[in-house]
Amino acid sequence: MLALGFSAGLPLLLVFGTLSFWLREAGVDRTTIGFLSWVGLAYGFKWVWSPLVDRLPIPVLTRLLGRRRSWLLLSQTVIMAALVMMALTDPTLALAPMVYCAVAVAFGSATQDIALDAFRIESADTEHQAALAATYQAGYRLAMIWAGAGALWIAARAEVPNAALYQYGAWRTAYLVMAASMLPGVLTVLLSREPVRQALAPARNAAEWLQGALVAPFTDFVGRYRWHAALILALIATYRISDVVMGIMANPFYVDLGFSKDEVAAVSKAFGIVMTLLGAFIGGVMALRLGVMRVLMLGAVLSAGSNLLFAWLATRGHDLSALVFVISADNLSSGIASAAFIAYLSSLTNVQYSATQYALFSSMMLLLPKFLAGFSGQFVDHFGYPNFFTATACLGAPVLLLVWLASRIKMAPSPR
């Protein structure tokens, strides 16, 4: 799970945070960068093709590797190829090819998430899902540090001294290294064992296949939770809204404050890794000992509160000590919230429909936040960074009520 979590976390920032740093340095305006974040809507609609990942075999690959591993390998190949194409595209010359490649990375990454979530859920019983989620989250967050701070550090090392501020060659090198960084995930898939999954009766016709692959996973969830399903889905749709809406403007914010790639990379690498791992560990342990819902509430409070720290940082200017404090606090809170949230989502799934149901949950987690994030550049242009970060913190207030209401629901046991 540590290695596969790394493979899952790597592409995300390369089409969001790190890409926004690259584009802002290349002179692309904040409004355009904000709208380009809608590439991430691929993650919000992955439930549409999740039934295919759940049921459809890939010729040759599925026979050799099994259902889950074949889809993992295919999606990882798409991600690597698209990252290489991004590396070979200079956005100052043509922005459209960069967008197409980013869309391919996002679709490949979303497909990998579908298969990987099912792989994780099918690999252990319910009691061990919190531990697996924490380990997965640690790998995921390590990959985000590498795709964020690591990519910036590589780009800074690849720059020609005393040359122009923006150097395309440096970013090309960084993204080629990122493409190669998918290889450990590929190797892990090849060496892993395909999980044993429940045998499904073959469909007699297309209508029966659609019923089992697309309709049954959703009716199963609604049947288990009935009217509470709406409350659960509302919580899922808004839990990470503060973090996601804020995140697309974080790197342009650093650029506009005058922080260099080396400074952002050094702070993220030195403090972000430690605080991320600490947060994931604390979240996993607390979820096991105190219960997932209590940690969900804590994570919701911390996620909104950390955004207020960014509003404070906006008033400090180029203050490296303040940057250290804010990034450390943000990574700690995010690690705690994410570990608990993944365990919560995993507990909701029926293993017979694990890929489709988990894809629905994780898609809803991103759909509304990613849509709102598209307008983040316009908001900053009109109201400034301090008001933007404060507004994103306020978005997290309704989440507290939803967590409290969801904690009062008697959870239906997930069929194994």
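Pairing each residue of region 47-67 that is farther than 22 Å from Leu233 by Cα with any residue that is among the basic types (Lys, Arg) and not in a helix (DSSP H, G or I), provided the two are 6+ apart or on different chains, yields C-beta distances under 9 Å for Gly66/Arg193; Gly66/Arg197; Arg67/Arg197.
Contact annotation: residue pairs with Cβ atoms under 9 Å, 6 or more positions apart or on different chains, pairing a residue in region 383-412 that is outside any helix (DSSP H, G or I) with a partner that is among the β-branched types (Val, Ile, Thr), are Leu395/Thr238; Leu395/Ile241; Leu395/Val245; Gly396/Thr238; Gly396/Ile241; Gly396/Val301; Ile409/Ile232. Report, by residue number, each residue of region 325-374 that is under 25 Å from Ile33 (Cβ atoms) and among the β-branched types (Val, Ile, Thr). Correct list: Val326, Ile327. With respect to Val186, is the statement that it is under 17 Å from Thr77 (Cβ atoms) and touching a residue at least 12 places away in the same chain (Cβ under 8 Å) true? In short, yes.
Only one residue in Tyr168, Tyr140, Tyr136 is closer than 17 Å to Asp90 by Cβ and either of a type outside the set (Gly, Ala, Ser) or surrounded by fewer than 20 Cβ atoms within 10 Å (Cβ to Cβ) (or both), so which one is that?
Working: Tyr140 fails: closer than 17 Å to Asp90 by Cβ; Tyr136 fails: closer than 17 Å to Asp90 by Cβ.
Tyr168 is the lone residue from the list that is closer than 17 Å to Asp90 by Cβ and either of a type outside the set (Gly, Ala, Ser) or surrounded by fewer than 20 Cβ atoms within 10 Å (Cβ to Cβ) (or both).
Residues that are of a type in the set (Phe, Trp, Tyr) and surrounded by fewer than 24 Cβ atoms within 10 Å (Cβ to Cβ) were ranked within region 217-254; the one that is farthest from the chain's Cα centre (by Cα) is Trp227. Within region 265-293, being more than 20 Å from the chain's Cα centre (by Cα), more than 18 Å from Ala138 (Cβ to Cβ) and in contact (Cβ under 8 Å) with a residue 12 or more places away in the chain holds for Ala266, Val267, Met293.
Among the candidates Leu278, Leu257, which residue alone is over 25 Å from Ser363 (Cα atoms) and in contact with an Asp or Glu (Cβ under 9 Å, 6 or more places away or on another chain)?
Working: Leu278 fails: in contact with an Asp or Glu (Cβ under 9 Å, 6 or more places away or on another chain).
The match here is Leu257.
Being buried (at least 24 other Cβ atoms within 10 Å of the Cβ), in contact with a Leu (Cβ under 7 Å, 6 or more places away or on another chain) and not aliphatic (A, V, I, L, M) is a condition met by no residue of region 375-382. Residues of region 6-53 that are part of a helix (DSSP H, G or I), among the small types (Gly, Ala, Ser) and modelled with pLDDT under 90: Gly17, Ser37, Gly40, Ala42, Gly44, Ser50. Among the residues here, Ala280 qualifies as over 30 Å from Glu159 (Cα atoms) and surrounded by 15 or more Cβ atoms within 10 Å (Cβ to Cβ).
Leu64 - would you say it is more than 18 Å from the chain's Cα centre (by Cα), surrounded by fewer than 24 Cβ atoms within 10 Å (Cβ to Cβ) and at pLDDT below 85? Answer is no for this residue. Checked against (1) crowded, with 16+ Cβ neighbours inside 10 Å; (2) at pLDDT below 95, Gln198 passes all but a single condition, namely (1).
Would you check if Thr173 is over 24 Å from Ile248 (Cα atoms), of a type in the set (Ser, Thr, Tyr) and part of a helix (DSSP H, G or I)?
On the way: over 24 Å from Ile248 (Cα atoms): no; of a type in the set (Ser, Thr, Tyr): yes; part of a helix (DSSP H, G or I): yes.
Answer is no for this residue.
Mind listing just one residue for me: the one in region 101-125 that is outside any helix (DSSP H, G or I) and touching a residue at least 40 places away in the same chain (Cβ under 8 Å) and, of those, surrounded by the most Cβ atoms within 10 Å (Cβ to Cβ)? Per the stated criteria, the residue is Ser123. Scanning region 286-316 for residues that are more than 23 Å from Phe388 (Cα to Cα), in a helix (DSSP H, G or I) and of a type in the set (Gly, Ala, Ser) turns up just one, Ala287.
One line per residue, one yes/no per condition, for (1) closer than 30 Å to Thr219 by Cα; (2) surrounded by fewer than 24 Cβ atoms within 10 Å (Cβ to Cβ):
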{"position": "Asp330", "(1), (2)": "no, no"}
{"position": "Ser338", "(1), (2)": "yes, no"}
{"position": "Ala343", "(1), (2)": "yes, no"}
{"position": "Tyr358", "(1), (2)": "yes, no"}
{"position": "Leu367", "(1), (2)": "yes, yes"}
{"position": "Leu372", "(1), (2)": "yes, yes"}
{"position": "Tyr385", "(1), (2)": "no, yes"}
{"position": "Cys394", "(1), (2)": "no, yes"}
{"position": "Ala397", "(1), (2)": "no, yes"}
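Of Thr126, Thr77, all but one fail to be hydroxyl-bearing (Ser, Thr, Tyr) and at pLDDT 95 or above; the exception is Thr77.
The values are calculated or read from the model by the stated rules, or taken from the named source; none is laboratory data. These numbers were taken from a predicted model, which means no experiment stands behind them. Using ideal geometry, Cβ is built from the backbone for each residue, glycine included, and neighbour counts are taken over all protein chains shown.
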